[in-house]
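First comes the structure, then the notes that go with it.
The values are calculated or read from the model by the stated rules, or taken from the named source; none is laboratory data. Keep in mind that this is a model prediction, so the values were computed, not measured. Every residue, glycine as well, gets a Cβ built from its backbone with ideal geometry; the counts of neighbours run over all protein chains shown.
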Amino acid sequence: MKTLLKYAQVALVVLAIAALLAAPLVLKPYGIFVLSQWAVMAIAAVGLNLTLGYAGQISLAQASFVGIGAYTVALLQPFGVPFALAFVAAGLLSFAIGWVLGYPALRVQHHYLAFVTLAFTTLVFLVMRNEEWLTGGIYGISNIKRPIILGWSTVKPVPFYYFALGMLALVTAIVWWLLRSPWGRAFTALRENPIRALSLGIDTRRYTLFAFAFGSALGGLSGAMHAPLVQFIEPTSFGLSLSLTLLLMVIVGGSGYFLGPFVGALVAVIMPEWLRFADGLYLIAYALLVLLLMTFCPSGILGLFGRLANLIETRAASARRQSLSAKLDQKPVSS
Amino acid sequence: MPVKSIRQSLLLAGLVMVGFAGPALADGTVIIPDVIELSGAGAVSGTNWRDGAMMAVNEINAAGGILGKKIEMQHFDTQSNPGVSRAQVQKALDLEPYVILGPIFSGSVKVNMALSQAAEIPQIVGAEAAEITQAGNPYVFRTAFGQQFSMPKIANYVRDGIKAKTIAVLWVNNDFGKGGRDAFTKEMAKRDIKVVADVSTEQGQADFSADVVKIKAANPDAVFVYSNEEEDARFIKEARKQGLSMPMIGETTLLSQKVIDLAGEAANGVQGHVSLSADAPIPSIQAYAEKFKKTYGYGSDHNGIKGYTAVYLVKYITEKMGKFDSKLFAQTLHGLTVTPEQTPGILMEASWDANGDIDRASFLAEVINGKQKITKILPKLGSK
Amino acid sequence: MSAFLQLLISGLATGAIYAIVAVGFTLIWQTSQTINFAQGEFVMIPAFFVLAAMKLGGLPFWAACLVGLAVSVFVLGVMFKQAIVDPMLKHGVLPLVISTIALSLLLKESAKEFYSSQAQPFPSLVPSVDLNLFGAVISTQSLLVLGVAFVTVGGLNLLLNRTRFGRAMQATAQNRSVARILGVPVERMVLATFVINGLLVAIASILISPIYLVKFTNGETLGLAAFIAAIVGGFNQVRGAIVGGLVLGVVDNLSAAYISAQYRGAFPLFLLIAVILLKPEGLVGRREERTV
């Protein structure tokens, strides 16, 4: 039974991936662009899920890291730095800044960390807007080129889409591996019971910082993909509202579930597009939907499915127990 | 755990399978999508533009359409966000449109004008940043002066009308305000007028006392105010409160009826240049403004006129060509002059140059007794 | 000197607005751990209720204000608690945060779609007269806001510390289960704070709309400012909100005038970070024993 479920699970993931791969066959360039946006935003959401869902730190700074990554790529481009290098630089820079910002995470916890990171997001926005010599100021940076990877041009929508999917897959694989390493197990221990984790000899300070910085680095990588996707960046895109949207992705998808951010990004990026048939009311419909979703499944979409699955399992177990106890009841009679 | 994961994967697969089908469109219509700011910071301008454009569409469709085809106009909200605007222009292009209207935000136009250029679809935009028409894109057209045209006019007025030697610039720190401030400052330098205070303000700022204190300390001969309507109004009120006595000069927005309504008496005495105005003493524009107010319950600003005239421009050119041809449309519009005699909906005579920049008459105005009063009509640049 | 005085007085007047908004924010945080990301929109909306009552109901201004107060107490107080906060409360802070984010979008878009995207003028409760004070100018409107802020906070302080009702409310805020054991009707106390918040945002809305004008985006800056004011002043004290609000208004003006206008938004944030790192209970807050 267990192995069968395992096979079915693998089959479904494969099916989802196949659907993503086959999407360009049915979708027009607009659909491809929106799906590419989904893939790029999912990278940042996966990062935030690591910080929040696994390490339990509420960060509202993720938009800044997306911005820092995007500006890194856009600013390095005129110097002829290859994309791969700029991409790595974006991740490393975000990691470093995340590490430094993470220090307050040790002093303050929970909602106070959210407030500090909220302030950080607005401060980074102000720097991006005001330091025109570096960032181009409010005008932003236009004509960002899409990269050519080993002779393969990603200029057209479909190749870029596959490129974005590839990067998302890469990031997903790294996070998958990380969570199964001793590091990842320490994250979870940290979230569940920091005091116990400490007493078990886990250096909570280092792990908290690492979780925060690694999540931030993924934000930077997402930004590094965002710049060539839109081919134009300007500071207002990386303000508080993006941070809140990313938080929404993680919570709505199901914080702490591995596939949560993928579903959450689907809701935040693609749902408003689906609702556009409602014309002027589409954002109202979207807001209502999120409200309803939170009311009926506060642990997120995957949390709801998790609950349902648990329910089914409990039912099955109690049915088994009943039939077994019935047999047990019968035994004394027959013996 | 395995069951949970299955549900997760199933959900993912299911959601992803659903496509993005556009609405099917009937024959006998011409598709003109309108990609515009309907939510976020640009919603005020975008709503005006949308309503102006729809008024024109309804008029034209009621009169039989363009060459017998009805206009099918859908509105695509950019949320005032460049990334979203790019997706929406892509969506509009997927409909295989004839012409695209909008957006207004310069940042958004910079993102997506390359897309319509690649698709060879003309894009009639509301943006005013100078660089948009200087990138050699043959498919982008303006509906109002670029800042490189409006700022010299207001600069001449500051030099010749006000005779100011020093000036303070108060601007809103977004791409509209910064663009205007940069273009204006350049024109001031050319005319040897010294900018003695350069005051950046925030979008949505409520308290302008610090800004007025700064300007007061610099004591310039005049103040140039370049912000959005509400902030303009709040600034004027604070300036009057603190007794700022030098003339306040503006470009289009500062003299709009909206600012006058919001600022009340404090707006009296404000003067400047108006590129395009629903208050212009031109019968066609006054008729337009009246009908707009009746239809939508609020007064049109210049963005309403931009949207309205853009649709009539499409009609005129198409009828001139005698067919629907996007590529030829762009070629025809370069170097063309359209007059109200040819098509009344254009409201005022206007010409487009080889870059897609527009030229038309504009006004010097002053606010007197709560009304915008046109003091002088400046002729088209080309007609000198 | 008169310039400095002007900045100080204007800053206090703006800060008083932040204070009123921050008080309600603090109250509902204390009793129900709700971080209301829609608080700014809560202040934006009641002015629309008033305008709608005048335009559609044909009511005179004072009656429309009463209608506005009543509707916002019901919608932003009672309904907000029953429909949104209650079902999610037991699931922790985060789902509720997301809901209030969605709610802020809902309120903004509704005001825009169902009323107007254009800024609307709003009548003033008092005639606008500018008074001269040692070379600085203050309008009667600003004085009214300042007065109301102090009266509200003073009144609330009295209510909380001097009445049975207030002490029951405080008990609810400090420890729900103990309060329940002691016979405090906890549910009713929580509801009361939401009602007070609904009343406060409506008062704030009516006071500031003649100055701010009525527009769907008004809540964006205001919500953040109230948020910062509440934390700077002290999340667990009502009087903290007024200290936080006033400090914020003055810091904003002084930094814009004397340090950098382009970075004026940064100084309140520096203040926020400094307070969180050095004195997390806020400038006048009480140190809490429990950390969550």
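Of note:
- Answer residue from the range B:90-134, given it is under 19 Å from B:MET54 (Cβ atoms) and free of Cβ contacts under 8 Å to residues at least 60 places away in the same chain and is nearest to the other protein chains (Cβ to nearest Cβ) among those: B:ALA92
- Positions within the range C:115-173 being of a type outside the set (S, T, N, Q), farther than 22 Å from C:ILE203 by Cα and out of contact with any helix residue (DSSP H, G or I) (no Cβ under 8 Å at 6 or more places or on another chain), in sequence order: C:ARG162, C:ARG164
- Candidate set from the range A:288-332 (those that are in a helix (DSSP H, G or I), facing chain C (nearest Cβ under 10 Å) and without any contact (Cβ under 8 Å) to a residue 12 or more places away in the chain); member that is nearest to C:ILE101 (Cα to Cα): A:LEU291
- A single entry from B:GLY204, B:GLY180 fulfils the requirement of being closer than 19 Å to A:GLU132 by Cβ and either in contact with a helix residue (DSSP H, G or I) (Cβ under 6 Å, 6 or more places away or on another chain) or touching a residue at least 60 places away in the same chain (Cβ under 8 Å) (or both): B:GLY180.
- Among residues of the range B:207-226, those that are within 22 Å of B:ALA129 (Cβ to Cβ) and either out of contact with any Lys or Arg (no Cβ under 9 Å at 6 or more places or on another chain) or without any contact (Cβ under 8 Å) to a residue 12 or more places away in the chain (or both), counted: 1
- Residue check for C:LEU59: surrounded by fewer than 22 Cβ atoms within 10 Å (Cβ to Cβ) and within 19 Å of C:LEU144 (Cα to Cα): no
- Filter result (at pLDDT 95 or above and not hydroxyl-bearing (Ser, Thr, Tyr)) within the range B:138-153: B:PRO138, B:VAL140, B:PHE141, B:ARG142
- Residues in the range A:127-156 that are farther than 25 Å from B:MET113 by Cβ and surrounded by fewer than 19 Cβ atoms within 10 Å (Cβ to Cβ): A:VAL127, A:GLU131, A:TRP133, A:LEU134, A:ILE149, A:LEU150, A:GLY151, A:TRP152.
- Among the residues listed as C:LEU106, C:LEU94, the single one being touching a helix residue (DSSP H, G or I) at 6+ places or on another chain (Cβ under 6 Å) and modelled with pLDDT under 95: C:LEU94
- All helices (runs of 4 or more DSSP H) inside the range C:1-113 with 2 or more residues being more than 17 Å from the chain's Cα centre (by Cα) and more than 14 Å from chain B (Cβ to nearest Cβ): C:39-55, C:61-72, C:86-89, C:93-110
- Of all the listed residues (C:ARG188, C:ARG167), the sole one being assigned to a helix (DSSP H, G or I) and either in contact with a strand residue (DSSP E or B) (Cβ under 8 Å, 6 or more places away or on another chain) or farther than 29 Å from C:VAL67 by Cα (or both) is C:ARG167.
- Scanning the range A:243-287 for residues that are within 11 Å of chain C (Cβ to nearest Cβ) and among the hydroxyl-bearing types (Ser, Thr, Tyr) returns A:SER243, A:THR245, A:SER255, A:TYR282, A:TYR286.
- Scanning the range B:149-165 for residues being assigned to a helix (DSSP H, G or I) and in contact (Cβ under 8 Å) with a residue 40 or more places away in the chain gives a total of 9.
- Scanning the range A:223-281 for residues that are aromatic (Phe, Trp, Tyr) and either over 14 Å from the mean Cα position of the chain (by Cα) or assigned to a helix (DSSP H, G or I) (or both) returns A:PHE232, A:PHE238, A:PHE262, A:TRP274, A:PHE277.
- Of all residues making up the range C:256-270, the number that are surrounded by fewer than 22 Cβ atoms within 10 Å (Cβ to Cβ) and out of contact with any strand residue (DSSP E or B) (no Cβ under 7 Å at 6 or more places or on another chain): 8
- Of all residues in the range B:190-208, exactly one satisfies the criterion of being touching a Ser or Thr at 6+ places or on another chain (Cβ under 9 Å), within 8 Å of chain C (Cβ to nearest Cβ) and of a type in the set (A, V, I, L, M, F, W, C), namely B:ALA206.
- Residue that is more than 10 Å from every other protein chain (Cβ to nearest Cβ), surrounded by fewer than 23 Cβ atoms within 10 Å (Cβ to Cβ) and within 17 Å of the chain's Cα centre (by Cα), where the choices are C:GLY155, C:GLY183, C:GLY166: C:GLY155
- Residue within the range B:89-106 that is out of contact with any helix residue (DSSP H, G or I) (no Cβ under 8 Å at 6 or more places or on another chain), among the polar types (S, T, N, Q) and surrounded by fewer than 24 Cβ atoms within 10 Å (Cβ to Cβ) present: no
- Candidate set from the range A:133-147 (those that are more than 16 Å from A:VAL66 (Cβ to Cβ) and touching a Phe, Trp or Tyr at 6+ places or on another chain (Cβ under 8 Å)); member that is nearest to the other protein chains (Cβ to nearest Cβ): A:SER142
A quick yes/no check of all residues on (1) of a type outside the set (A, V, I, L, M, F, W, C); (2) in the same structural domain as B:ALA127 (by TED's automatic domain parsing); (3) within 20 Å of B:TYR139 (Cα to Cα):
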position: B:TYR288; (1), (2), (3): yes, yes, no
position: B:LYS293; (1), (2), (3): yes, yes, no
position: B:GLY299; (1), (2), (3): yes, yes, no
position: B:VAL311; (1), (2), (3): no, yes, yes
position: B:LYS315; (1), (2), (3): yes, yes, yes
position: B:THR318; (1), (2), (3): yes, yes, yes
position: B:LYS327; (1), (2), (3): yes, yes, yes
position: B:GLY370; (1), (2), (3): yes, no, no
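- Count of the range A:179-207 residues, restricted to those that are hydroxyl-bearing (Ser, Thr, Tyr) and assigned to a loop (DSSP other than H, G, I, E, B), is 1.
- Only one of the numbered conditions (1) over 17 Å from B:ASN369 (Cβ atoms); (2) within 13 Å of chain C (Cβ to nearest Cβ); (3) of a type outside the set (Lys, Arg) is violated by B:VAL223, and that is (2).
- Test result for A:LEU292, loosely packed, with under 13 Cβ neighbours inside 10 Å, closer than 30 Å to B:GLN88 by Cα and of a type in the set (A, V, I, L, M): yes
- Taken over the range C:117-150, the criterion of being within 9 Å of chain B (Cβ to nearest Cβ) and either small (Gly, Ala, Ser) or in contact with a Pro (Cβ under 9 Å, 6 or more places away or on another chain) (or both) is satisfied by C:SER117, C:ALA119, C:PRO121, C:SER128, C:ALA136, C:SER139.
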